[in-house]
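Some notes on the structure that comes next.
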Amino acid sequence: MVDALRVSLLVTTDLPPDTDLKEFGRLLVDSVLTLQRGEVTYPALLRGGVFWLDRPLPPSDDGSSGTAAEELRFAALLGHLSAAHPPGSAKETVADAGRAITAAVAARYGDLGSPPAVMAIRGEDVRERTPRSAIAVGSETAEPLPRTEPLPRAEPEPLPRAEPLPREEPEPLPEPMPSLGASA
């Protein structure tokens, strides 16, 4: 059993085009506050940034928005899920979060055609791929995670310079022994 777990997540789903992204982000954050695996519940925290993955259609010639009310837009959250005392592996914890997120999105927005995709990703992807325009979610209601300072880099102590060994003269080889079978 793991005491604490942190997983980098990508959540994507289609949403109605007039969706408030901040509200969507709060919905995701709130949906994972308590995760469940079987009969066991455990606390979790989701932080990240929400954003549209697609651009809205340009206005039509009559000046109205080019996006039809029934046409969905693709939204995403990139962030980190932290869970205290999860009863399973990281993969199982992501599956628990996926079930909670899917239920919350369906309850709020109805049937959007397919459930949200919730998957673990690399931490570097969260840092590198979250756009500057993303709306931060999850930090306004939660206590900040403890920030760790990088450890000072320890420079190895230089080894003492070895003194060269005194050069010894090789001992002379002993005189060859006369062979036994030779005549003198």
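Rule-based calculations on the coordinates, nothing more; no lab input. What you see is a predicted model; the values in this text were computed from it and never measured. Methodologically, a virtual Cβ is constructed for each residue, glycine included, from the backbone with ideal geometry; neighbour enumeration extends over all protein chains shown.
At-a-glance table
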| quantity | calculated |
| --- | --- |
| For peptides 95-103, 15-23, sequence by mean Cβ density within 10 Å, most packed first | 95-103, 15-23 |
| Label-point gap, in nm, between residue 119 and residue 92 - each point 7 angstrom along Cα→Cβ | 2.3 nm |
| Other-chain or far-sequence residues with amide H under 5 Å of residue 121's (modelled H) | 8, 9, 10 |
| Under Karplus coefficients 6.51, -1.76 and 1.60, residue-wise ³J(HN,Hα) of the range 85-96 in Hz, glycine/proline x | 6, x, x, x, 7, 4, 4, 5, 5, 5, 5, 4 |
| Interatomic Cα distance distribution for the range 1-53, bins of 5 angstrom, percent | 4, 14, 26, 22, 15, 10, 6, 2, 0 |
| Cβ-based net charge around residue 100, under 15 Å, with every Lys or Arg adding one and every Asp or Glu removing one | +1 |
